[in-house]
Each structure stands twice: as C-alpha cells, then as structure tokens.
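Only one structure is covered here, and it is reproduced in the block below.
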Amino acid sequence: MVHYVIEMKDVEKSFFLGTERINIFTDLFYQCRENSFSLIKGPSGCGKSTLIALIAGLTLVNSGSIRVFDHDLHAMNTESLAIFRSMTIGIVFQMGHLISSLTIKENILLPVVLTERDEYDYEQRANNLMKEFSLIHRKNSLPRQVSGGEFQRAAFVRALILDPPLLLVDEATSNQDQKTRQVIIDKLTELKGKKTIVVISHEPEIEPLADQTHIPIHGCLQQK
Ligand SMILES: Nc1ncnc2c1ncn2[C@@H]1O[C@H](COP(=O)(O)OP(=O)(O)OP(=O)(O)O)[C@@H](O)[C@H]1O
Ligand SMILES: [Mg+2]
C-alpha cells in the first residue's frame, strides 16, 4: 500500500487583515509519498510559504485535515506539536531565522539542545556539515557577522542537523550567490529518495529532481 507522509484534504485557509478576509486555500488536496521529492512553484503571494507553514503545523487550517506521518496535526496540542515537529521536520525558512545572540555553530546545534539530545553526539556531524557548506571558518561568528549566503547555508545546515525524515525548504537558493545555490542543489540531489522533501523553488536545476510539481492557484493546488 502506498504510504503518504503528508496528506492534506479539504483544507481551507484564510488570513484576516483587520476585517478583510484573505482566502489562500479554499479546497486544498495534497499528498506526498514517503521519500518523494515534491516541488512547489508559482507567483509571489499565491500561498507557497503558507503551504509549508500548514504542513509544519506552524499555522492552523480553518477547516479540513492535515496528516503528517500519520499524525493529525489538528488533534495535537501546542506542546506535542512542537515536540513532533522538532523530531521529524527540518525547515528552511524563506527568511532564514537564526537566533541573533547565538553563534553559527550554536544555531546549528539548537535543535539538538531543544530536543534534549547530547550535543557531544552531534558535534562531529555539525563539523562535517559546516565543512561541506563552507561554514567552518564562521562557526564562532554571530549571524550579523556573516554574509547572506553564509546565513542561508547555516539555516540549511540547522534543518539537517537531526537528519529529519521530512525536509521543507522554502526558496533557500533565491537571491544567493552561485556557491550557495550549488551547495544546496547538490545536497538536495544527494538527499533525493532518502527523505520526504518538499521544496519551493524556481531553479531550473531543481526541476528534474521533482517526482511531482504543484502550483497554488484559485485556492487549490494544481499539478503541473
Ligand atoms: N500572517 C498573515 N496574515 C495575513 N496575510 C498573510 C499572512 N501570511 C501570509 N499572508 C498573505 O497570504 C498570501 C500568501 O502568502 P505566502 O507567503 O504563502 O505567499 P508565497 O507564495 O510564499 O509568496 P512569495 O513567493 O512572495 O514568497 C499573501 O497575499 C500574503 O500577504
Ligand atoms: Mg514565500
């Protein structure tokens, strides 16, 4: 039987700006098979980042259901959702999001600390990833002291540190230098088939990796 890691059915999602209701999804249906590579593209404002936030349980649906690894996100309380998310999902946010008072290395090891694992066990993995992503010389720098590319690469490494089975990547390569683009594309190529991956991207090099491609349009997801 096909196992879906992500199953979204009849999802409605809207935001309120004051009294104005903005409907993003009116009838969303979306499935991702285990270890598949899914690509999401589409114009600015169409709902790509909102889709990622819904899958991660960072924003709630108005109605409908979202199951991730057989967990009904709506049935979970905030705490169990946070634990579930930290154990299973690596997220690379569009805006980066590193903690400004922590060094690059501390930021990368933050998921280890938050899930109460032994930092010592992840030291080598963190060092290897920092080398692979050309960050090792910046490990003691603060986020404000590194370049935009280094910042984004650190955000990517942080999403990988716990080796999560589900990886959500929101435009990690846009506005980045060639080196950052390439190292991220190479990593996604290496991870294809080994994790369930959902990537928002408009990179032509990422397109051939995709097992399925969707565009949010008219409140649903259209398969390309
Ligand atoms: N918290 C919020 N409150 C109100 N409106 C929001 C909120 N988050 C997103 N929106 C609106 O929802 C729409 C979809 O936003 P989203 O960030 O998902 O778009 P996107 O497809 O990722 O765009 P981009 O390519 O620019 O990143 C936008 O019109 C945005 O202004
Ligand atoms: Mg976005």
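Any read-out appearing in this document is the output of simple, stated calculations on the displayed coordinates, not a laboratory observation. What you are looking at is a predicted structure, and each value in this text was computed from that prediction instead of being measured. Note that each Cβ is placed from the backbone with ideal geometry, even for glycine, and that neighbours are counted across all protein chains shown.
The 3J(HN,Hα) values that the Karplus relation (6.51, -1.76, 1.60; θ = phi - 60°) gives for the stretch 158-172 are, in residue order, 4, 5, 9, 4, 8, 6, x, x, 10, 10, 10, 10, 9, 6, 5 Hz. Gly and Pro appear as x.
Under 5 Å from the amide H of residue 213 lie the amide H atoms of 39, 224, each residue being 5 or more positions distant or on a separate chain, with H modelled from the backbone and absent for Pro and chain starts.
Rounded to the nearest 0.05, the FRET efficiency derived from the C-beta distance between residue 59 and residue 33 at R0 = 22 Å is 0.40. Taking amide H as placed 1.01 Å from N in the peptide plane, residue 90 has its amide H under 5 Å from the amide H of 166, 167, 168, each at least 5 places away in sequence or on another chain. For the chain, the dipole from Cβ point charges (+1 on Lys and Arg, -1 on Asp and Glu) about the Cα centre works out to 440 debye, to the nearest 20.
Largest GNM mean-square fluctuation among 163, 121, 27, using the chain with Cα springs under 10 Å: 121.
Roughly what would the spin-label model give for residue 76 and residue 144, points 7 Å off Cα along C-beta, in nm? Each label point lies 7 Å from its Cα, and together they span 3.4 nm. When each of the peptides 185-193, 151-159, 53-61, 39-47 is scored by how many other beta carbons lie within 10 Å of its residues on average, the order from highest to lowest is 151-159, 53-61, 39-47, 185-193. Principal-axis analysis of the Cα atoms of the chain puts helix 178-191 at an angle of about 70° to the longest axis.
Among beta bridges identified by DSSP and lying wholly in the stretch 123-224, the antiparallel ones come to about 40 percent.
Over 27 Å apart at the Cα level, from the set 139/187; 9/224; 48/192; 13/105; 41/131, are 13/105; 41/131.
Would you please classify the overall shape of the stretch 4-223 from the alpha carbon gyration tensor, given that a ≥ b ≥ c denote the square roots of the eigenvalues, rounded means a/c under 1.5, and beyond that prolate means a/b larger than b/c while oblate covers the rest? Taking the square roots of the gyration eigenvalues as a ≥ b ≥ c, the stretch 4-223 is prolate. Calculated [222 nm] ellipticity per residue, helices only, for the chain: -10000 deg cm²/dmol; basis is -39500 (n - 2.57) per DSSP H run with n ≥ 4, divided by all residues, nearest 500. How tilted is helix 78-88 with respect to the longest principal axis of the chain? Cα atoms for both, answer in degrees (0 to 90, nearest 10). The angle comes out at about 60 degrees.
Based on Cα contacts under 8 Å between residues 6+ apart, the chain shows a relative contact order of 29 percent. Within the chain, antiparallel bridges make up roughly 55 percent of the DSSP beta bridges whose residues both belong there.
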